[in-house]
Each structure stands twice: as C-alpha cells, then as structure tokens.
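Everything on this sheet refers to the single structure shown next.
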Amino acid sequence: MGVWLWTNVAVLQLNGKHKDVCWRSTAATTAKSVPWSVICGVMLFGLGLISLLTGHVASHLEWYSHRRSLYSALDGSDRAPIDIWKSQYSKYYYGCKERGRRFGPAVRERKSNGYLLIATSGGLNQQRTGITDAVVVARILNATLVVPELDHYSFWKDDSDFSNIFDVNWFITYLAKDITIVKRVPDKIMRSMEKPPYTMRVPRKSEPEYYLDQVLPILLRRRVLQLTKFDYRLANNLDDELQKLRCRVNYHALRFTKPIRELGQRLVMRMRKMASRFIAVHLRFEPDMLAFSGCYFGGGEKERHELGEIRKRWTTLPDLSPDGERKRGKCPLTPHEVGLMLRALGFTNDTYLYVASGEIYGGDETMQPLKDLFPNIYTKEMLAQEELKPFLPFSSRLAAIDYIVCDESNVFVTNNNGNMAKILAGRRRYMGHKRTIRPNAKKLSALFMSRHEMEWDTFASKVKACQRGFMGEPDEMRPGRGEFHEYPSTCVCEKPFIDDLSQDGIRPPKLAAYNVTTKAYSAMN
C-alpha cells in the first residue's frame, strides 16, 4: 500500500510540476494571494489520501484479526460456543461428483470383458457399501455389471431383492456413462457356457491391482464371474475419479423405490408439522448389537446371561473385557446417556426426537429415562401405523424408511460406529455438512461414571469439551481419515467466495485451517 501511495503522489507531483513553477513564479513577481479554491482543493485532496491510507490500515488490522482467530482455532485456545443445530461454516461447502475430462465413457456390453455377478452381505447399509464398490470394481475390470444380489440369509433374514428396495431402472440409467449394467446375464451367454459361473471371494480392502492381476484373468477366461460376501472388498483409498464414482453411486444412483421414498417423506412432514426442526437418533441398542459389543450395561446376571446366549451365534468372536471395551470407547451409550449428552450440549426438553431403532433391549424400562429428558419422542411405528404394515416383514425396507428420516433431520445423532452411522454421516457431509453428532464414547464413559460427583453446569461444560471434534464440523474431515463412506473428502468441495467484511478473499478461520480436497490439503503441508 505504501508503494502505491508514494507512487501516486510522485505522479501527481510530476503532472503538476509546471503549474507549481508557474504559480511560484507568479507569486514571486506579482505577490498575489493564493485563491481559496486552490487551497480547498489541496486540503480535500490531502484528506482523501489520509482516508484512503487509514482505510487500508483498518483492512490490514482486520486481516491480522482473522489470522489470529485462525491460529487460536488450530491450537485449541478458541472455545467459542457453536450452534448446536447447524454449522456456521456448512454453507461454504458443496458435494462435487462430476467426472473428469479423462474419465472415459462406459464400455458397451458387447465390448466388455465379461459379466460380473455380485452377492452382497449383511444388513441394508452394509450391502449399500458392497453395491457401491461393485460398480467401481466393474469399472476397473471393464466388465458389465449384473444388478447385485442382496443377502437373504444373514442375521436379518430379509428376502427382499434389489428391485424391492432400490429403483433399479434409475440405478441403471444414472450410471450409464460410467459402466454398463444389465438385469441378468443374457440366455445366449448362459447356454454357451460349459461350466457354471466361477465363484470366488476376494480379500477385504483389496487394491485395484489385485482385481487386475487376480480377478480379470478369470473373468476373461470364464466370461461370467461371481464375487461373494461382497462387503468392504475394495480398498478405502483410490484415485479421485474412482472415489467420485463411489459418490455418484452412493448419493445419487442408489435411490429407494417410490413406496419407500413416499412413506419416508410423509414421516418427515409429520415431524416438521410438530416442530420446525428435530433430532434423529440412531440408538442401535438392540440385543444383537449389545451382545456383539461385548459390553455390560448394568443389568446384572440377567443381562449377562441373555446377551451371552446371543453372542454364541458368532463362533469366531473373542472373549472381551466389558470394562476394557468401555474404556476404549467401544460401547454404545445407553438411551439415558444419549439424553444426558444432548441436554448437556444445550438441547432443551421441548426438542422433538425421532428414534430410529429396532427392538430396544429392556423395552420401555430402558427408554423411560430418555423420555423423561425429552418427552417428545417419536418412532416410525408411532407416526405411521397402518401405512407401515406392508413393510413390517422386511427389516431392510424398515431400515430404509429410518434412513430417509435420519437423512432429512436437522441433527443426526449416531450411537455407534456401525454401517448406518458411517453411511449417513458421509451423506450428510456430502449434502452440506448437516449437523451430525457422534458421541466421543471414550471420554464420555468416564464422565458419566463420575457425573454424580459434580454440579450440572460443570458436567455440561465437560460434555461440551469432550464433544469438540465430534459435532460434524467441516474441519473434522481430512483426506485419508477413516472410511471413505464416512469421510468422502474427494467429493466435498469448497465454494469460492469473498469475505463479507474485508472484501479481499480472506476465508473464515475454521475453513482456512483445512482444505477438504486432497490436492489442496497436500499443498498446504
């Protein structure tokens, strides 16, 4: 700024040199007084320069103020309260899933390397990850993907097919530029095969090179290949184009069927008629979940016996120390603890809650402490009785309805790090960093045990401190952190904008701390 100021002064002096000499000469020879118009002009010019100078100084002071805020945010000294309903920085981000220029068109069916059959595994959201990765694997292999087969035999025992849950025609059409998808292997191909389709199971988190080296030769030789138990069978870290393909599948192509979408949206509308904003809580406090965790929740010998019997269903599970698991933060919170956390964060008892859950272990007795803290609690069974009946025999379709309401909620609270929690957390980040709260169970467990030894205000303050970094803020997402389905960093881009105050491109401190895209993040380090 100083260079600009003195350069312009120099220019003014040069431009006015002749007049200045003439004026001096005139003054010396005629001894006339200086006109008032000239004096006023010079004074106004000087005042303008001073105003310009001080304005730039103020702008620079403001810039340093921003920088100071940034560094205090990075070193943890910033303890300003956050909006518990919405991140103030979410508006600066958007989901980006567009194909790059070098991402070639889909290989047509006749020119592909063969047909890829996929048998998924697990519940709805575990299968969702398998379907997403199946599309990417088909792209890697230049294969024609046959609509994946859903799992009918796992714990949930749901005999729904792909077309019962997802809009199959939309799925095929939306991804037509990425891969070719067919509903079944053509009869002509099946009749020409000397042997049934080759079946294999690839290792978990296999790299693309594994598929090219180990799977592709078999596909070329047999023409039809089936991959079984297909969940988390593809590496977490892939190149950006394949990661964006994952996002196109997960957040756009996998659309639920019309009956599921319509009922899910009706439940959302009914919640919003009662309250302009609401929290959706995925309690995940079903008997199978508790048994699988190996944790103890205070139910005495009755609980130990019941959960121990359920745990025997998984013969490969190791013996775990309940106290050890709790200290490691591996135990889900009880409904009461979830309620205490939310109240401590600042949600009042007139807040409306939608509880997404199956059978709660302990039933009404377990849920009552949560209802005491938040009387306005609703479930899909309470909001839709007759309308829900056609879906009741199918656990995956019921889970899909919960998925929609949780996705549309103002705040989503997870209670474990399972598949639904990860998938929804990732989707909500992609859709604009909607507030998503994940309990910091490792720190909260010790705090809950000692809560009777402190005043409520002290307890609430400690809960807020524990939850920093677990509230779904944009700066929690860094490239390479966690599962891509939970942290889709490649698919979340930062909007270009000019700061409202300084008008010189300074970004809000929290945003400047971390850039979401891998390339930008690596450039900062």
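The values are calculated or read from the model by the stated rules, or taken from the named source; none is laboratory data. These numbers come from a predicted model, not from an experiment. Note: ideal-geometry Cβ built from the backbone for every residue, glycine included; neighbour counts use all protein chains shown. The area values use the complete protein model at the heavy-atom level, side chains included, leaving out ligands, DNA and RNA. Shrake-Rupley method; radii C 1.70, N 1.55, O 1.52, S 1.80 Å.
Would you please name the residue that is farthest from the chain's Cα centre (by Cα), looking only at residues in the range 180-218 that are within 18 Å of A235 (Cβ to Cβ) and either of a type in the set (D, E, K, R) or assigned to a loop (DSSP other than H, G, I, E, B) (or both)? Going through the qualifying residues, I end up with D213.
Of everything listed in (1) more than 19 Å from the chain's Cα centre (by Cα); (2) modelled with pLDDT under 95, the single unmet condition for R478 is (1). Of all the criteria given as (1) crowded, with 18+ Cβ neighbours inside 10 Å; (2) modelled with pLDDT of 95 or more, the one not satisfied by E473 is (2).
Assessment of the range 335-348 against the conditions (under 24 Å from K443 (Cβ atoms) and basic (K, R)) yields at least one matching residue. Just need a number here: residues in the range 319-335 that are part of a helix (DSSP H, G or I) and either open to solvent by less than 30 Å² (accessible area, probe 1.4 Å) or under 19 Å from N417 (Cβ atoms) (or both). Result for the range 319-335: 6. Within the range 363-380, the residues that satisfy the criterion of being at negative phi, of a type outside the set (A, V, I, L, M) and open to solvent by 20 Å² or more (accessible area, probe 1.4 Å) are D364, E365, T366, Q368, P369, K371, D372, P375, N376, Y378, T379.
Would you check if there is a residue in the range 171-185 being touching a Leu at 6+ places or on another chain (Cβ under 9 Å), open to solvent by 80 Å² or more (accessible area, probe 1.4 Å) and on the phi < 0 side of the Ramachandran plot? Among the residues of the range 171-185, not one is touching a Leu at 6+ places or on another chain (Cβ under 9 Å), open to solvent by 80 Å² or more (accessible area, probe 1.4 Å) and on the phi < 0 side of the Ramachandran plot, which makes the answer no.
K422: assigned to a helix (DSSP H, G or I), in contact with a strand residue (DSSP E or B) (Cβ under 8 Å, 6 or more places away or on another chain) and open to solvent by 30 Å² or more (accessible area, probe 1.4 Å), yes or no?
no
Per-residue answers, yes or no, for (1) surrounded by fewer than 19 Cβ atoms within 10 Å (Cβ to Cβ); (2) part of a helix (DSSP H, G or I):
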| residue | (1), (2) |
| --- | --- |
| L317 | yes, no |
| E337 | no, yes |
| M341 | no, yes |
| G358 | yes, no |
| Y361 | no, no |
| M382 | yes, yes |
| Q385 | yes, no |
| I401 | no, yes |
| V413 | no, no |
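If you filter the range 281-315 down to residues that are in a loop (DSSP other than H, G, I, E, B) and among the small types (G, A, S), you find that the one that is least open to solvent (accessible area, probe 1.4 Å) is G294. For residues in the range 343-356 being of a type in the set (G, A, S) and crowded, with 20+ Cβ neighbours inside 10 Å, which is nearest to N410 (Cα to Cα)? So, considering only residues that are of a type in the set (G, A, S) and crowded, with 20+ Cβ neighbours inside 10 Å, the one nearest to N410 (Cα to Cα) is A356.
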